[in-house]
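Derivation of every value follows stated rules applied to the coordinates shown; laboratory data play no part. Just so it is clear, the structure is predicted and the values come from calculations on it, not from any experiment. Cβ atoms come from the backbone with ideal geometry, glycine included; neighbour counts cover every protein chain shown.
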Amino acid sequence: MTDYAEEQEGEMEALESIYVNELEIISTDPYIYTITIPCEIQNVEPGKPPKEFSVGLKFQIPEDYPDVPPDISISEAGELDEDLQKEILLELNKKAEEEVGCIMVFTLVSELQDRVNDFADAIYNKKLKEKEDEEKIPVFHGTMVTRENFIEWHANFLKERNAGKVKVVSDKLTGKQIFLAKGGNIEISDQLLGDADDDVEVDESLFDEDLDEEMIISSGDEDEE
């Protein structure tokens, strides 16, 4: 009969001697502990040193381990996104099933260490692509509007308008536009025409001398009717 407690205790002693600083024991009955793996990735900024981070694995040992694989989870993700975390756990659980019957925590941690460089390269490539995409987006560098600079701008605007440097365009129709619009039977809103009581000054120079005779005749016929 397998003495599971003895095997688990022997494995724990071995792990403590191997992972002196990386191992943290949470519980001894049942055994629950974490092992942290140091990692690093290239910096996407040229000339800057690699960025260091850690990946932590948490192991919860069932009573009849190693005939049953341990429960494995991520205790520290570092730079790993959710997709990479899922990939790590999928691979480790698959490896654990292959190692059933043998103590396996060291083997699982070694499996992760072997893949660290691959994961680090994947993270670097993703960050590099994000940086390149951001650099493609033009950034508008304008002046933030504050109460003070708006007042200053408004004062300069009024000064330039009074000096004739700024032309204010009215949204009212000119006399010529009203005449042509009526001749074409187009309804004109009061907003465009202005108030009925307003005096309208008509600049005759705005009218073409060679105005279409047919339009004038058509307008005369409508008045007779």
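Count charges around Trp153 for me, please; just the other residues with Cβ under 13 Å from its Cβ, Lys/Arg as +1, Asp/Glu as -1. In short, 0.
Placing +1 on each Lys and Arg Cβ and -1 on each Asp and Glu Cβ, with no other charges, gives the stretch 34-98 a dipole about its Cα centre of roughly 260 debye. What pairs from Lys95/Lys129; Lys86/Lys127; Lys86/Lys131 go past 28 Å between their alpha carbons? In this structure, Lys95/Lys129 lie more than 28 Å apart at Cα. Cβ-Cβ distance of Asp81 and Cys102, R₀ of 35 Å, FRET efficiency by 1/(1 + (r/R0)^6): the value works out to about 0.65.
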